[in-house]
Amino acid sequence: MKLSDKAREALDRVIEQFKAGDLSPIVKMARIQLPEDAPAHRWTFSNRVLAYAQSGSVDCRGYRQWQTAGRQVQKGSRAAFILGPILVKKDTSDGEEKTLVGFRAIPVFAFRDTQA
């Protein structure tokens, strides 16, 4: 999987935390309850841990998701990156089938990086 330089830096920060034995992001994520309307509520547990380890927040959303929520990401804010699946559709005799071919980095921003 090829990642952008920013995504690679973010992933390296998370890996360093785990190498140092800092599992606090996992412990905190296991205790935090997200509101059902938060986009992160639908994310996998591993993506929640990735976002929290990078940003220190559980309320992370994409740029346009923040705009839809009536907030604007502040200039110069650093994104956290989660992983999204890359699916390819194939036509089969039974219909259409989706196959996982990899993952892509998705930038998300914490609430504190936005303004009304």
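Remarks
- Backbone amide hydrogens, once placed in the peptide plane, bring Thr114 within less than 5 Å of Gln74, excluding anything fewer than 5 places away on its chain.
- In this structure the amide hydrogen of Phe103, modeled in the peptide plane, comes within under 5 Å of the amide hydrogens of Ile86, none closer than 5 places in sequence on its chain.
- When you filter the trypsin sites (Lys or Arg not before Pro) in the range 29-110 for DSSP loop state and at most 11 other Cβ atoms inside 10 Å of their Cβ, you are left with Lys75.
- Extension gain for Glu97-Ser4 works out to 30.6 nm (0.36 nm per residue, less the C-alpha to C-alpha distance).
- Normalised by the number of residues in the range 46-96, the mean separation of alpha-carbon contacts (under 8 Å, six or more apart) gives a relative contact order of 38 percent.
- GNM remark for the chain: springs join alpha carbons under 10 Å apart, and the peak mean-square fluctuation among Gln65, Gln33, Gln17 falls on Gln33.
- Share of alpha-carbon pairs per 5 Å distance bin for the chain, given as whole %: 2, 11, 18, 20, 18, 14, 8, 5, 3, 1, 0
- Backbone amide hydrogens, once placed in the peptide plane, bring Cys60 within less than 5 Å of Ala40, excluding anything fewer than 5 places away on its chain.
- Think of a 1.4 Å ball rolled over the protein heavy atoms: the chain then has 68 Å² of accessible area per residue.
- For the chain, lysine pairs with C-alpha atoms less than 19 angstrom apart, excluding pairs fewer than eight positions apart on the same chain, total 4.
- For the range 69-114, a Kirkwood hydrodynamic radius built from all Cα pairs, placed in the Stokes-Einstein relation at 37 °C and 0.692 mPa s, yields a translational diffusion coefficient of 246 µm²/s.
- For the chain, built as a Gaussian network whose Cα springs stay under 10 Å, the top-fluctuating residue of Asp91, Asp37, Asp22: Asp91
- Converting phi to 3J(HN,Hα) with the Karplus coefficients 6.51, -1.76 and 1.60 and the offset θ = phi - 60°, the range 44-55 yields 5, 4, 5, 5, 5, 5, 4, 5, 5, 5, 8, 10 Hz in sequence order, with x at every glycine or proline.
The values are calculated or read from the model by the stated rules, or taken from the named source; none is laboratory data. From a predicted model like this one, the values you see are computed outputs, not experimental measurements. Cβ: placed from backbone, ideal geometry, glycine included. Neighbour counts: every protein chain shown. Quick note on the areas: whole protein, heavy atoms, side chains included, nothing else; ligands and nucleic acids left out. Shrake-Rupley method; radii C 1.70, N 1.55, O 1.52, S 1.80 Å.
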